[in-house]
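We did not get these values from a lab; they are worked out from the coordinates using the rules stated. Please read all numbers here as calculations on a predicted model, not as lab measurements. All Cβ positions, glycine included, derive from the backbone under ideal geometry; neighbour counts span all protein chains shown.
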Amino acid sequence: MRESRIVVVNRLGLHARAAAQLVRLAAKFDSSITIFRADRNVFANAKSILSVLALAAAKDTELVVTVSGEDEELAMKEIEGLFANGFGESLQ
Amino acid sequence: MVITSEPESRSISVSDFLDAISERHPVSSLSSQAALSEHYLTSSRVQKLGLALSGFADKIHKGRIQIYGNSERSYISRLSDIQVSEAYARLDKENISCILITAGIEATEELVEFSEASSIPILATTIPSSDAITAVSNVLSERLAPEVTIHGTLMEVFGIGVLIVGDSGIGKSECALDLITRGHRLISDDSVRIREVGEKLVGDAPSSIRDFIEIRGLGIINAKELFGVSALSPSVEIRFCIEFSEERLGGDRLGLEPNVMPLLKSRIQKYPLPVKPGRNLATLVEASVRVFVSSQDGPKAVENLLHGHANAMNATIKN
C-alpha cells in the first residue's frame, strides 16, 4: 500500500473534466485507489466520477491518495503526475 | 477502506448555520458576512443572554447561541442609559459567538453598536424564544453530529435505508436504477454522506452530486428529470448494509455468522452478496430487506429450518 499527500494546484480545482481525467487514469489500474479529504472527512473511490466530484476539491485542497494492489507503484506515479501538472491546464 | 476515523470535535460557522436554519425557519442576519464567517458554533445548547447582561458575565459559554428575547428586552428597558452601556461593556466579547434576537423584537441601538464594535454577529427571527430554542438545537445537533462521506449508494427499499457498498464498476448504480423502476427511492449514488445523530445513522447526498447517477455507457444522468420526484428521497436512516463483491463466498452458507460494518461510532448489520452474471441484484436487495426486517423480530428463517430439519432427522431415526 502506498500513501501520498497531494495538493490540488490547478486554478479550477478538481472540476468535472479534471475529475473525468483522473477517473479514466485510475480505471486503467487494477489497484484500489482511494482519495481522502481530511478537513471534511470525505472518502472517494478514484474510479467513480460522482464519488470524486463529491470531494468538491477546490484549488489548494489537501488530499491523501492511497493506492493498494499489484500495480500500485506505477498508479501512484501517474496520479501524482496528473495532479502536479494541473490536469494539463495552465497553473496560473 | 477505513471509515471509522474519528472526526475532531465539530464546529459550524455562523454563516453556515444561518444557511441551514433559514431553510426551515424565518431567520435573517443583521450583521456583515465577515462577522458571520468569523464566528463558530460548537454546541447545540443555547443560552439566554439575560444572565450575562445582568452581571453574570462569566456564565457565558463560547460556541453557543445567545438568545435575546422578551425577558432580555424588558430587563434592558428598565435600566437607565448608563446602566445599559455598563451592561454591554461587561459582556465578555471573546466568548460570545452569536446573538439571536427572537419574537420579532427590534434590535436596540446599543445592541447594534455593541455588535458592530465587537464584530459579533446578530441574527433575528420572528418566532418566539421557546420555539427558536428548539429550532436552533435541532439544526445544530444535526450539523454538529459526527460525519463521514463514503463511496457507496444509498437506497430506501420498502421504507428501509440500505447502504450498498462494493468496488467501482460492480453494478451498484445499475442496481439502483433497477430498484428505482420497481418503485424504491434513491437517496444518493456513488457517494453517501453519513451523520450520526443521537443513536441513528442518517444518510444523504453530498450537495454537489444530488439527483445524479452514473451509468456506464450512458454517462451521468439526472434521476429526478428521468424518473420524477417520487424516485428520490432527500435522506433516510441507514439500517443495514449490503456489500457486493466478486469473491466467491466460501464460508457461511446458512446466514448464521454475524457480519457487521463499523460506521463512525456505530456498527450495522452487513450482508455480503456475491455478484455474478445472471444474478438479479435488485431482487436480492429486496430479499435482503425482507430478511433484515424479519430478523428484527422473531427467529430467523434459518433457525426455523434447522429446528424443523432436526425434528425430521429425529423422526427418521425413531422409525
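Observations
- Kirkwood radius, chain B, all distinct C-alpha pairs, inverse of mean reciprocal distance: 23.2 Å.
- Across chain B, the mean sequence separation of Cα contacts (distance under 8 Å, 6 or more residues apart), normalised by length, yields a relative contact order of 14 percent.
- Order of A:V8, B:V260 - criterion: other Cβ atoms within 10 Å of each residue's Cβ, fewest first: B:V260, A:V8
- Phi angles of the stretch B:81-94 translate, via the Karplus equation with coefficients 6.51, -1.76, 1.60 and θ = phi - 60°, into HN-Hα couplings of 4, 5, 4, 5, 5, 5, 4, 6, 5, 6, 4, 7, 4, 5 Hz per residue; Gly and Pro are given as x.
- At q = 0.12, 0.14, 0.23, 0.25 Å⁻¹ the log10 of I(q)/I(0) for the stretch B:116-204 amounts to -0.55, -0.66, -1.09, -1.18, computed by Debye summation with a single uniform scatterer per C-alpha, solvent ignored.
- Estimated FRET transfer efficiency (B:S80, B:S32; beta-carbon r; R0 30 Å; 0.05): 0.50
- Cα-based Rg / Dmax (Å) for the protein assembly as shown: 26.7, 102
- D_trans [Stokes-Einstein, Kirkwood Rh over alpha-carbon pairs] for the stretch B:163-260, 10 °C, 1.306 mPa s, µm² s⁻¹: 107
- Here A:T61, B:T149, B:T125, B:T134 are placed in order of increasing Cβ neighbour count within 10 Å, fewest first, which gives B:T134, A:T61, B:T125, B:T149.
- For chain A, the relative contact order is 45 percent, taking Cα pairs closer than 8 Å that sit 6 or more residues apart in sequence and dividing their mean separation by the residue count.
- Computed about its Cα centre, the charge dipole of the stretch B:147-318 is approximately 400 debye, with only Lys, Arg, Asp and Glu carrying charge at their Cβ.
- Total charge dipole magnitude, the protein assembly as shown, about the Cα centre, Cβ charges on Lys, Arg, Asp, Glu only, Debye to nearest 20: 1040
- Each of B:R182, B:R78, A:R40 has some number of other Cβ atoms within 10 Å of its Cβ, and from fewest to most they run B:R78, B:R182, A:R40.
- Förster radius 51 Å - calculated FRET efficiency between B:S118 and B:S294, Cβ distance, rounded to 0.05: 0.30
- Here the extension length gained between B:A301 and B:I127 equals 57.4 nm, from 0.36 nm per residue of separation less the Cα-Cα distance.
- Principal semi-axes in Å for the stretch B:1-116 [√(5λ), Cα gyration tensor, largest first]: 29, 16, 12
- In the stretch A:2-87 the Cα-Cα distances spread across 10 Å bins starting at 0 as 20, 60, 20, 0 percent of all pairs.
- About its Cα centre, the dipole of chain B is roughly 1240 debye, where the only charges are +1 on Lys and Arg Cβ and -1 on Asp and Glu Cβ.
- Förster-model FRET efficiency, 35 Å R0, B:S137 and B:N222, C-beta, rounded to 0.05: 0.50
- Contact order relative to length of the stretch B:10-143, as percent, for alpha carbon pairs under 8 angstrom and 6 or more apart: 32
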